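Below you'll find the structure, written out as C-alpha cells, and then a few comments.
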Amino acid sequence: MPAISGIEYLQRMKALKPNVWLKGQAITEDLMMHPVYKGAMQTKASLYDLQVEKENISFMTFPSPFTQNRVGMSYLEPKTKEDLQKRRKMIEYWANATCGMMGRSPDYMNTALMSLSAASAIVGAQDEEFSKNLRNMYETALEQDLSFTHSFINPQVNRSSYYFETSRQPVAAKVMKKTADGLVIKGARLLATEGGMTDEVLIFPSGGNNLGDDYAFAFSIPANTPGLKFICREPFHAGESAFNYPLSSRFDEMDTLLVFENVLVPWDRVFFYHRQDIAFNLFNKSGFISHALHQVVTRQTVKMQFLIGLSQLLINSMDVSEYEHIQLKLSEMILGLESMHALLLKSEAEAKIDAFGTMTPSSHPLYAAINLFSKLYPHYIGLLQQIGAGGLLVLPSEEDFTSPIGRHVEQYLQGASLDAKAKTKLFRLVWELTMSSFGTRQTHYERYFFGDPIRLAKNLYSGYAREKYLERVKDFLDQTKERPQE
C-alpha cells in the first residue's frame, strides 16, 4: 500500500540526512531525535498512521489512477463536487488531529502539487518535456506518498516596487547557468516551513518585485540535494512536557531559510525557467489558488472550532458564563466560525470544471474567508487573553505539583469546576496559544498565511464580478426618474 505509515515516514527522514543548521551549527544527529524537530516529526508521523488505520482507509485514501493502489486522499484530483467533499473530510480529519495548529501538514502541498500538475499544459508552452516532468512529479509523489516543503518568496532585502538586484553575488535564488545536466541555482529563498523534515523541496516564483527572467523558474529536488542548506529560525521548543508545553512540544513546525550554493537541478526536475509569463499563468490560470485555499480554509475552520471549545472550557473553569461581556466574546467567535464554514461550503456549491478538467471550488468565497480569518484570528486570541485575564500570569509547572510546595498549589489554584492540576493544564494551554513564542508565531503565521492581506484583498476586489449588481442599481435609478407632470 503506497499510502505510508508513520514509521515509514520516519525511516525515510532518517535515511535522508538533509543539511540543517541551527544557531550556527550543523545538526549532525537524526532530526527525528533532535528536541527542536522531534515533536513535530512525531506528530507528522501520527498523521500518516491515521490514514492507514483500517477504519480510516476508505475515506483517507483512494485508488491511484495509475496503479489502483490505495493512496492519500489529499492527492485526489477532483472531478465532481463529491470529490471535493471527500477531500475536505480527509483534510478536516488531519486538522482535528493537530487542532489546526500545523499549517504545513502534508495535505497542503499535496493539494498544491495536484492542482499544478492538472494544469501542466501551461508549462508545456515552453517545452512539452517540462509538462511531462510536472506530471511525473505528481505521479511519483502520489505513489510514494512524498512530503514537501516549499518556497514562493525571495528574501526581503528591499520590498520597494522598483528594486533590482545589482550585486555580483545573488541574494534571491537565481539561475546562474544552464548545463547539459540541468540548471545551476545560487542564492536564497524564504520561507520553507518544515524545512528538513520533508522528502522534497518545491520551488515556484511568486508575486512581488520583478527581478527578471533569471528568477522565474520552478522545480522540485530532494531535501538532501548537494549544496542545499536549511537555516533554522530561533526555535520555540521549551521542553518535551505536554503538561507544560501542550502545543509547542507537538506542533512547532520549524521555519527555515533555503540557501542554494550552486545547486544542480537536473532537467527532469525542472518545470520551467526564464519565463515570467508562465509563472504568472501557472498561478492565475490553474486551479492552484482555489484548491490551496480550500485546504487552508478547511484547516482554519477546524482551528476556530478549537478556539471556541477552549474558550468555553476556560469559562466553565471559572464559572463566569453569567457575565454579558463573556457571552458577547463567545458570540463573536461563533459568528466568525459560522461565516468561515458557510464560505467554505459556498465555494464547493459553486465549484465548476476548469479549463483542465478539474472540479475547482469557487475562489471568491475562499478569498473572502482567508481575508476574514487573517483579521479574526488575532482578535480572537486577544479575546482568549481577556477571558483568562490575570490567571494567565500565575502558572505553576508540572514540577511544582510533585514538589514540597505542591500542597500550596493544589489549595490556592483550584478552579470552580476543576482541581488545581487540571485547571493549570488548561491555563497553560491558553497561555501557550496566546502569549508564548509559539502562540505569537501562530498569530503572525495566520495573519500572513497566504500572503500579504492587502494584496489578497486587492485580488478579491479586482477579480470579483460586480457588473450585475451595478446594473441592478442603474435599472433602479432609471425606474425612479422624475415622471412628467400630468
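The values are calculated or read from the model by the stated rules, or taken from the named source; none is laboratory data. Since the structure is predicted, the reported quantities are computational estimates derived from the model, not experimental observations. No Cβ is skipped: glycine too gets one built from the backbone with ideal geometry, and neighbour counts run over all protein chains shown. Each accessible area value is taken on the protein alone, full model and side chains, heavy atoms only, with ligands, DNA and RNA left out. Shrake-Rupley method; radii C 1.70, N 1.55, O 1.52, S 1.80 Å.
Table for the structure above
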read-out	value
Surface per residue (accessible, 1.4 Å probe) for the stretch 22-107, Å²	43
Length added when fully stretched, residue 478-residue 79, from 0.36 nm per residue minus Cα-Cα	139.2 nm
Residues of the stretch 290-418: accessible area per residue with a 1.4 Å probe, Å²	45
FRET E, pair residue 29, residue 312, Förster distance 41 Å, beta-carbon r, rounded to 0.05	0.45
Entries of 14/303; 375/458; 79/346; 17/38; 89/285 with Cα pairs more than 21 Å apart	14/303; 89/285
Rounded if a/c under 1.5, otherwise prolate or oblate - the stretch 1-151, Cα gyration tensor axes	oblate
Antiparallel DSSP beta bridges within the chain, as percent of all bridges there, nearest 5	80
Cα gyration tensor shape of the stretch 254-313, rounded if a/c is under 1.5, else prolate or oblate by comparing a/b with b/c	oblate
Share of carbon and sulfur in the accessible heavy-atom surface of the chain [1.4 Å probe, %]	53
Trypsin sites (Lys or Arg not before Pro) lying in DSSP loop within the stretch 21-57, provided at most 11 other Cβ fall within 10 Å	23, 54
DSSP-assigned coil residues among GluC sites (Glu not before Pro) in the stretch 351-429, each with at most 16 further Cβ atoms within 10 Å	none
Projected area, mean over directions - the chain, Cα convex hull, nm²	30.6
Per-residue HN-Hα couplings for the stretch 109-118 [Karplus 6.51, -1.76, 1.60; θ = phi - 60°; Hz; x = Gly/Pro]	6, 4, 5, 4, 5, 4, 5, 5, 5, 4
Label-to-label distance, nm, for residues given as residue 127 and residue 379 (7 Å Cα→Cβ offset)	5.0
Peptides 428-437, 307-316 ordered by average Cβ neighbours within 10 Å, highest first	428-437, 307-316
Length released on extending from residue 59 to residue 394, taking residue separation times 0.36 nm less the Cα-Cα span	116.2 nm
Packing-based order for 55-67, 319-331, using average beta carbon neighbours within 10 Å, highest first	55-67, 319-331
